[in-house]
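Laboratory data are not the source of any read-out in this text; all were calculated from the coordinates shown. Small disclaimer: the values here were computed from a predicted structure and weren't measured. Because the Cβ atoms are built from the backbone with ideal geometry, glycine has one as well, and the counts that use them run over all protein chains shown.
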There are 2 protein chains.
Amino acid sequence: MALHSLGISEAVSILNKGEVSAKELVLDCLNRIDQFESQIQAWAYINHDYALKQAQKSDTDRRKGKSTGPLHGIPIGLKDIIDSAGMPTENGCELFKGSIARQDSFVAKRLKQHGAIIMGKTVTAELATFTPGKTRNPHNSGHTPGGSSSGSAAAVAAYMVPGALGTQTNGSVIRPASFCGVVGFKPTYGLIPRQGILNQSPFLDQVGVFTRNIEDTALLAEMLIGSHDEDKASINTAVAPALLKTSHQQAPVPPKFALIKTAAWYKAETATQAGFEQIAELLGDRVDVIELHSSFNQVWDYIQTVNDAEIATYYDAIYQKGKDIISTSLCAQIERGREVTAKLYLQAKHQRQYLNSILNELFFSYDALITPAAIGEAPKGLDSTGDPTFCAPWSFCGVPTINLPLLEGETGLPIGVQLVGQQYDDARLLRSANWLNQFVNAEADNEK
Amino acid sequence: MALHSLGISEAVSILNKGEVSAKELVLDCLNRIDQFESQIQAWAYINHDYALKQAQKSDTDRRKGKSTGPLHGIPIGLKDIIDSAGMPTENGCELFKGSIARQDSFVAKRLKQHGAIIMGKTVTAELATFTPGKTRNPHNSGHTPGGSSSGSAAAVAAYMVPGALGTQTNGSVIRPASFCGVVGFKPTYGLIPRQGILNQSPFLDQVGVFTRNIEDTALLAEMLIGSHDEDKASINTAVAPALLKTSHQQAPVPPKFALIKTAAWYKAETATQAGFEQIAELLGDRVDVIELHSSFNQVWDYIQTVNDAEIATYYDAIYQKGKDIISTSLCAQIERGREVTAKLYLQAKHQRQYLNSILNELFFSYDALITPAAIGEAPKGLDSTGDPTFCAPWSFCGVPTINLPLLEGETGLPIGVQLVGQQYDDARLLRSANWLNQFVNAEADNEK
């Protein structure tokens, strides 16, 4: 197996055994990038020398017996709105061209502390919103990779790095993960501090991870949990949830799922609807098809109200300086956001707690909700990053959500199954995801 | 000395010595109330039987050796927007007539845990805003007691109770304390949870206390510090600040003060301006007259923007139900608040942190700021509760502030000196206030 195609845990294992060096691993990833970058364009910034130097230092540290972290020697990509000291952070926007981060973001610092090698910055849609960057879908370069964490999803899907970080304000982790056929995970709002990351919409911005399997997702996400003074929403947990350990564990009883179509089901493409019917059939009595409480019918309005108002506030300086440079659609959103009243904004925000109280009831009976990650496979063309409809309710509620690449669309591109967990019960979500993944794959093998 | 005229600490001391019973103390306070209530009208609700029953229970507990709290047997009044189980909470508004609180607020529970006897509910201005209740100034019943914590200030000033709780959104603790000539203290925003208290403006609402001396203020406030899940702004301090202990302590060096006139100084009446010149002269090199940074010039706009927007949001149900019942001025504020944009609201809120960073610099050189509590003595008439101008900057910043009744106006009514401390350094503020109080009183004695 080529080094670049190893997952994080696999690579950690052979690095720890001394079977391979970090330098060899990084070199193989760089070769992979060199080979496919012109086609996929996942990277906003990459520096071979820097990556190799880090790898050599990693190997030296290991030889010297310096304590090695759980990600020692592992190459990771960072969405280009996340600061990594000395690298540019260009936010997918001309205004930030050449702007170098002076300090590490919380997550970059954590990754480095745990031994990871920051390979470079991955392409983001414009200012982490909707206007696409240059990245193409690794499965078919005529299709969008999704966004706004386009480069992170594509780089992991194209075996350029075993893991990458992204962010989700509406659907910016789960949708590109779905379109690119990788595992994407957005933990509970507040678990991963956003210090040093572009501030678009503080009520909604959430950090997420991309990997090629659930175990790697659990490991990578667990390394990022913490709190930071500058992110008032970050939660000071006494003990970080044991994502990796729990995700492996066998559930006390097989998990029970609720298939949730939402009021937007009519938007789901035929292949998506059929795929979910199939999964429901496979799961039999392990799944109930249930209707989401009607209070969720306005959730798309709530997320738009909050996002518009906050984007108008936090991108105000960008707008003032750059209204001729940023896209007309983002300008329009900012201008719309300027008109949102404080009352409407606050009332929308208050719905998060109420909607979670409804979800909490569901999680007495169900371990996870199953729902589409996107309306279907990655749409053709590069003008749009696709439709976030199926991500909005969970982004708004701040609940943990994961994409599993279990289905296929009509043209053979991946379709994601989104599993949604209870607030702060990220570990149970990953365990249930692991169970579902094994169950579906075993059934698929049986059919062969 | 009559029992009703004892301060909290004095009463605690003789109760603990067994020289007097809680029943005797409460009875004497009730007699005092009976004697003056028709003139002062400090109480929205009082129940002699309930108060006496609590006092008897307090005495029984003491005789049985049950653990007694630091406020064991002390009668306390609660502003009528603060829930005390079984008593009405009418919020100074017809809409809430006869509405009985089913549960204790956080502060009522704390008071009871520490042994205090809830005497009843004190009059609040309409919904803790500006339209006066029935209360009159104990020093001259033709003058306003200030508001919105009108009854709490008046009841303490009239020796009906040794302590009472109020709240301040703009100037609703410090101003009535100034007008009624008592000590009023509003600790740092977030130190006292507001669970179970009318929610007017969560960014600004702050609990405060009224007593007749600084020691009692320190004791009473210290009992209320804590955190509660339902008040997200309440701070989970590992250790509550030792207000009582520190307020007694001698400062390592005599404190240094900054006399701050603010951009609103022109509003201060002649007697106020003269009084502050006198204090500055008395303090000599212990005080500098300094100008507040020009960033504070808009603070009155900020507090209005935030308060209007939040009142429009949180009083929306009241407005919908009661627009014909509530005052036209409150209606107008709510209607104005509905038009505030989220962007303006968020930008105003963000100023708190910035302005505190400016104040924090000052507190390297100064222990407390000295500034008027109000523009002058309590205005004549009962149509208005007075002008909150001099309270707004400190309410907005959420810094601790205390009123000391050190000056007198032209008609002999009290004028308060407001001392302002650093965020989270409430103990130092009280120690400095204690020093200033002793210093000014000693100088006054010298003059005699």
In nm, spacing of pseudo-spin labels at A:Q113 and A:T60 (7 Å Cα→C-beta vector): 2.4 nm
Starting from the 7 Å offset along Cα-to-Cβ, what nm value, one decimal, do you get for the label separation of B:A317 and A:E277? 4.4 nm
Taking the square root of 5 times each eigenvalue of the Cα gyration tensor, what semi-axes in Å does the equivalent ellipsoid of the stretch A:124-219 have, largest first? 20, 16, 9
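With the cut-off at 1.5 for a/c, could you classify the stretch B:177-241 from its C-alpha gyration tensor as rounded, prolate or oblate? Don't skip to the end; give the middle numbers.
Details: a/c = 2.73, a/b = 1.42, b/c = 1.92.
Oblate is the answer for the stretch B:177-241, as a/c is 1.5 or above yet b/c matches or exceeds a/b.
Pick out the long, greasy-scoring helices in chain A: whole DSSP H runs spanning 27 Å or more along their own axis by Cα, mean Kyte-Doolittle at least -1.0.
Numbers: long enough: A:342-365 (37 Å, -0.33); A:426-447 (32 Å, -0.75).
Membrane-span-like by this rule: A:342-365, A:426-447.
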Which of B:E277, B:E377, B:E339 fluctuates most in a GNM of chain B (C-alpha springs under 10 Å)? That residue is B:E339
Can you list residues from other chains, or at least 5 along the same chain, whose modelled amide H is less than 5 Å from the amide H of A:V289? A:L259
Phi angles of the stretch A:68-82, converted by Karplus (6.51 cos²θ - 1.76 cosθ + 1.60, θ = phi - 60°) into ³J(HN,Hα) in whole Hz with x for Gly and Pro, give 9, x, x, 10, 4, x, 8, x, 10, x, 10, 3, 7, 10, 10
In chain A the DSSP beta bridges are antiparallel at a rate, in percent to nearest 5, of 65 percent
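To the nearest 20 debye, what charge dipole does chain B have about its Cα centre, counting +1 at the Cβ of each Lys and Arg and -1 at the Cβ of each Asp and Glu?
Details: 39 positive and 47 negative charges, 249 e Å.
With only Lys, Arg, Asp and Glu charged at Cβ, the dipole is about 1200 debye.
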Taking only Cα atoms and a 10 Å spring cutoff, compute GNM fluctuations for chain B and point out the largest among B:V161, B:V289, B:V183. B:V289
Karplus (6.51, -1.76, 1.60) ³J(HN,Hα), θ = phi - 60°, over the stretch A:175-192, in Hz, Gly and Pro reported as x: 5, x, 4, 5, 5, 9, x, 10, 7, x, 9, 10, x, 3, 3, x, 6, 10
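Calculate how large, on average over all directions, the projected area of the Cα convex hull of the stretch A:157-282 is; give the answer in nm² to one decimal. Working shown, then result.
Details: hull surface 40.0 nm².
For the stretch A:157-282, the mean projected area of the Cα convex hull comes to 10.0 nm².
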Could you work out how far the C-alpha centroid of the stretch B:340-354 sits from that of the stretch B:366-409, in angstrom? 24 Å
Neighbour-count ranking for A:V209, B:V107, B:V440 (other C-beta within 10 angstrom, fewest to most) reads B:V440, B:V107, A:V209
Suppose R0 equals 35 Å; then what is the FRET efficiency for B:D34 and B:Q249 from their Cβ-Cβ distance, rounded to the nearest 0.05? 0.30
Amide H neighbours of B:A44 under 5 Å, counting only residues 5+ apart in sequence or on other chains, H built in-plane at 1.01 Å? B:K121, B:T122, B:V123
What are the extents of the Cα atoms of the stretch B:335-389 along their three principal axes, listed from largest to smallest and rounded to whole Å? 41, 38, 8
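What FRET efficiency, computed as 1/(1 + (r/R0)^6) with R0 = 22 Å and r the Cβ-Cβ distance, is obtained for B:N199 and A:S357, rounded to the nearest 0.05? Show your work: numbers first, answer last.
Details: r = 18 Å, r/R0 = 0.82.
It comes out at approximately 0.75.
Which semi-axes, in whole Å and largest first, does the equivalent ellipsoid of the protein assembly as shown have when worked out from the alpha carbon gyration tensor as the square roots of 5 times its eigenvalues? Could you put the intermediate results ahead of the total?
Working: eigenvalues 695, 169, 136 Å².
Over the Cα atoms of the protein assembly as shown, the semi-axes work out to 59, 29, 26 Å.
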Just for the protein assembly as shown, what percent of DSSP beta bridges are antiparallel, to the closest 5? 65 percent
Which whole-number percent gives the relative contact order of chain A, counting Cα pairs below 8 Å spaced six or more residues apart? 17 percent
Between A:K53, A:K17, A:K79, find the one with the highest GNM mean-square fluctuation for chain A; connect C-alpha pairs within less than 10 Å. A:K17
Cα extents of the stretch B:3-247 along the principal axes, largest first, in whole Å, come to 45, 45, 34
Taking the inverse of the average 1/r across all pairs of different Cα atoms in chain B, what Kirkwood radius in Å do you get? 21.7 Å
Residue among B:G115, B:T305, B:A368 farthest towards the positive dipole end of the protein assembly as shown, charges placed on Cβ: B:G115
Using a 7 Å Cα-to-Cβ projection, B:Q320 label spacings across copies, nm, ascending: 3.7
Grab the residue from chain A whose Cβ hugs the A-to-B rotation axis most tightly, plus its distance in whole angstrom. A:A342, 2
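Rank the residues A:S247, A:S99, B:S172 as a footprinting-exposure proxy: fewest other Cβ atoms within 10 Å of their Cβ go first.
On the way: A:S247 24, A:S99 13, B:S172 35.
If I rank by nearby Cβ atoms, fewest first, I get A:S99, A:S247, B:S172.
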Taking a label point 7 Å out from Cα toward Cβ, give me the nm distances from A:Q35 to the same spot in the other copies, shortest first, one decimal. 9.7
Taking a point 7 Å out from Cα toward Cβ as the label site, list the nm distances between A:K17 and the same residue in every other copy, smallest first. 8.2
Would you kindly calculate the translational diffusion coefficient of the stretch B:1-149, applying Stokes-Einstein with the Kirkwood radius from alpha carbon pairs, for 10 °C and a viscosity of 1.306 mPa s, and quote it in µm² s⁻¹ without decimals? 100 µm²/s
One would report the antiparallel percent of DSSP beta bridges in the stretch B:3-247, rounded to the nearest 5, as 65 percent
Using amide H atoms built in the peptide plane, which far-off residues or other-chain residues are under 5 Å from B:I117 H to H? B:G73, B:I74, B:I76
Mean-position separation - Cα centroids, the stretch B:293-319 and the stretch A:1-31, in angstrom: 57 Å
